[in-house]
Amino acid sequence: MSTKRLVAGMLPLVALIHAQTTLAADETVIVTASRFEQPINNIIAPVSIVTKDEIEAMQANSVVEVLKQLPGVQISSNGGYGQQATVYVRGSKNVLVLLNGVRIGSATLGNVNFGQLPLTGIERIEFIRGSRAAVYGADATAGVINIITEHRALTTTGTASVTRGSDKYSQLAASFASPAGESSWLKMAANYEKSDGFDVATFGKNDDDGFRNKDLLVELGSELNDNWQLITNAYYHRGDVEYDNQWGPGDESEDTLTSLSGKLEYRDNTAISTITLAQNSDTSKTKGKVEGSSITTKRSFVSWHSSHEISRGYFIGGGLEYVKEDVGDSELISGSAKQRYEVTSRDNKAGYITLSRQSKSTQLEASLRHDDNEQYGHKTTWQLGGGWKLTDFSRLTANVGTGFRVPTFNDLYWPGYSNPTLKPEKTIDTEIALEGVGLSANWRLAIFKNEITDRISCQGGGCSNDRVDITGIEFTNQFDTGNFYHDVTLEYIDPEDRDRKRQAARIAKKTAKWNISYEFEKLRLSTSYLYQGQRYDYSSGEPYEMPSYSLVDISAVYAVSDSLSVSGRVANVFNKKYEIAKDYKTQDRSYFATLSYQF
């Protein structure tokens, strides 16, 4: 690994740290916020970017470990590494997850198993907080996570690493990227990891619950001429996870995710136009001593998007998309009976438009989207945002937008658990923020509210619609003190279940995060601190209190040479006992060591 400086923090909205003292233009460009390329300083919504180098600096083992360090994120997990994990953003789990801009995840569960997403091959993660439903449609009511693996290889590069850790954890990972002719390139990444794990549940058989993951990623791209570019991506994941079943003996889940996509892009001085076709399949099979269900989601995706600079500082973007979800190959086990979903497929057609005005002192945007869902009919969502420069060192921003989420196939049709009369969720999300830079610091203070009507709630043995209001305040600050870099997040939210007059499930009101990194010559040291306030779990029907806790992780990377590095990490340094889901244990203190080679 090179000895160049790799900060362990995340690039925030204005991303002006180290040596910058005004709201000057930043060259960082992202695509996730509005689906077209924008300098990060022109984006009104709160956004974090995590680069490949920053992931290496964290010494993280999973996407979940990266996300939990970001502002607004809370994690709920049924155990440790490899187990099912849910990501909440500002108190809501309605987060859209994209792989290179293409929606992934289960149409039956309504979320993504983040254990299926290895860090190997990831170039960066773009994370938007707040509703983006007027751009992306259903599920993007709390935020968008775009995992980007695409990389235009100009020279031949590669990495290989081996990791060993606690609970007999081991990982082999490798990636390779190279030009393939004068105008083409090839990228490949592979990952194999396994662990004996630990006994994740307080009930059932007293045995270790391990996992084994295999992953392969291939990208082939070509510049057809000065204006046209074609990129194809293929991704395969196979995961075998042991877990404890509350309704029987220990079982094993076999999870498979495949994704194929192709993107044809036209680009000139004022316009970008892209056609994307994708097909992905997400299958989860329950195996072991008890015969279980086999759940498969097949999703087809076609989209056209175009953006144009119609005059200096004025932009228009828009597109059309079609998504079809099919669960017809699924087989449900209820008692001894085999069943299928009452409805096995549905599609969604949509069109959207975005208008944007960018100047040195003002940023304005407006988005409008119309969806035609086969099951739930027509839905229109909108978004308005503005940013106003107050001084050379500060800016005021405001965002308001609507969103919706349709019930999943499980919500509607799972035997003995579902409710076919469920309505789609409706949301309105509002945020006002003040942000600034100065004295080697970059800070942001935001007040937000997310009103959720007809929230789909499945707890205590059934599903129903209820109402939740989530209000909160969020403060982030990135600053230097000498050779130390600090990334601080303080957050207070009030997730009120209005119908039941109680705190919403598995969401803490208070959160504090402090990530510190220090570099001296060839050595880089990092420490992360996480405080999570009290939470409640209602899975048994009655409130179950989970006390607050604090966690500390430390890591170190030493560059033996420009190509070779050794690193180590200790997670949960003080061996804290804590809960984030009722009846499930969490990881004790654990150790990891990695040897990496880069060429």
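Per residue, what volume in Å³ does the Cα convex hull of segment 303-372 take up?
Residue-normalised Cα hull volume stands at 115 Å³.
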So what are the ³J(HN,Hα) numbers for segment 567-573, from phi and the Karplus equation (6.51, -1.76, 1.60; θ = phi - 60°), rounded to whole Hz, Gly and Pro as x? 8, x, 8, 10, 9, 6, 3
Once phi is turned into ³J(HN,Hα) by the Karplus curve 6.51 cos²θ - 1.76 cosθ + 1.60 with θ = phi - 60°, what whole-Hz value does each residue of segment 28-40 show in order, with x for glycine and proline? 5, 10, 10, 10, 6, 4, 10, 6, 9, 5, 9, x, 4
Residue by residue, what Karplus-based ³J(HN,Hα) values in Hz, rounded to whole numbers, does segment 174-179 have, using 6.51, -1.76 and 1.60 with θ = phi - 60° and x for Gly and Pro? 8, 9, 8, 9, 7, x
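Per the Kirkwood formula on distinct C-alpha pairs, the Rh of segment 322-406 is how many angstrom? Before the final figure, lay out each step's value.
Numbers: mean 1/r = 0.0603 Å⁻¹.
So the Kirkwood estimate lands at 16.6 Å.
Using a cut-off of 13 Å between beta-carbons, work out the net charge of the residues near TRP228 (Lys and Arg +1, Asp and Glu -1, TRP228 not included).
Numbers: positive: LYS263, ARG267; negative: GLU223, ASP226, GLU265, ASP268.
It works out to a net charge of -2.
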Where the centroid of each part is defined by its Cα atoms, how far is segment 337-401 from segment 50-102 in Å? 22
Just to confirm my numbers, what's the Cα centroid distance between segment 506-525 and segment 152-201 in Å? 25
Highest first, please rank the peptides 306-316, 124-134, 422-432 by the mean number of other Cβ atoms sitting within 10 Å of their residues. 124-134, 422-432, 306-316
If you split all Cα-Cα distances of segment 502-599 into 10 Å bins from zero, what percentages do you get per bin, shortest first? 14, 33, 25, 17, 9, 2
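With Cβ to Cβ distances under 12 Å as the rule, what net charge do the other residues near ASN191 carry (K, R +1; D, E -1)?
Details: positive: LYS194, ARG212, LYS214, ARG238; negative: GLU193, ASP215.
Net charge in that neighbourhood comes out at +2.
Under 14 Å from the Cβ of ASP487, count the other residues' Cβ atoms, weight Lys and Arg +1, Asp and Glu -1, and hand me the total. Spell out each step's value before the answer.
Values: positive: LYS68, ARG444, LYS513; negative: GLU54, GLU474, ASP480, GLU491, ASP553.
Computed value for this residue: -2.
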Using +1 at the C-beta of Lys and Arg and -1 at the C-beta of Asp and Glu, which of PHE520, SER540, VAL557 has the Cα lying farthest in the positive direction of the dipole of segment 515-559? PHE520
Point-charge dipole on Cβ atoms (K/R +1, D/E -1) for segment 511-573, about Cα centre, debye to 20: 160
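Counting Lys and Arg as +1 and Asp and Glu as -1, each charge on the Cβ, what is the dipole of the chain about the Cα centre in debye, to the nearest 20? Please list the in-between numbers first.
Working: 63 positive and 74 negative charges, 145 e Å.
Its charge dipole is roughly 700 debye.
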Could you pull out every residue, at least 5 positions away or on a different chain, whose amide H is within less than 5 Å of the one on GLN375? Hs are placed 1.01 Å off N in the peptide plane, and Pro or chain starts have none. ASP347
If I model a spin label at LEU384 and LYS522 as a point 7 Å from the Cα along the Cα→Cβ vector, what separation in nanometres do I get? 5.9
With a 20 Å threshold on alpha-carbon distance, the violating pairs from LYS93/LYS426; LYS285/LYS324; LYS68/LYS501 are LYS285/LYS324; LYS68/LYS501
Viscosity 0.890 mPa s, temperature 25 °C: what is the translational diffusion coefficient of the chain from Stokes-Einstein with a Kirkwood Rh over Cα pairs, rounded to a whole number of µm²/s? 99
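If each residue's Cβ is checked for other Cβ atoms within 10 Å, how do PHE479, PHE114, PHE404 rank with the fewest at the top?
On the way: PHE479 19, PHE114 22, PHE404 25.
With the sparsest Cβ surroundings first, the list reads PHE479, PHE114, PHE404.
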If amide hydrogens are placed 1.01 Å from N in the peptide plane, which non-local residues have theirs closer than 5 Å to the one on PHE198? ASP209
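Subtracting the Cα-Cα distance from 0.36 nm times the residue separation, let me have the gained length for ARG467 to LYS501 in nm, one decimal. Present the calculation step by step, with values, prior to reporting the outcome.
On the way: separation 34, 0.36 × 34 = 12.24 nm, distance 1.01 nm.
That pair, ARG467 and LYS501, stretches by 11.2 nm at full extension.
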Distance (nanometres) between label positions extended 7 Å along Cα→Cβ at TYR314 and TYR558: 6.1
Could you tell me which of ILE333, LEU257, GLY313 has its Cα farthest along the dipole of segment 29-598 towards the positive end, charges placed at Cβ (Lys, Arg +1; Asp, Glu -1), taken about the Cα centre? GLY313
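Could you calculate the FRET efficiency of THR156 with GLN339 from 1/(1 + (r/R0)^6), where r is the beta carbon distance between them and R0 is 60 Å, rounded to 0.05?
Values: r = 53 Å, r/R0 = 0.88.
Calculated transfer efficiency: 0.70.
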Label SER359 and ARG267 with points 7 Å out from Cα along Cα→Cβ: what is the distance between them in nm? 2.9
Straight-line reach from LYS522: which lysines have a Cα under 23 Å away, not including same-chain ones fewer than 8 places off? LYS4, LYS52
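Since every read-out is calculated from the coordinates, none of them should be taken as a lab result. Here the structure is a predicted model, which means the values were calculated and not measured. So basically every Cβ, Gly included, is an ideal-geometry build from the backbone, and we count neighbours across all protein chains shown.
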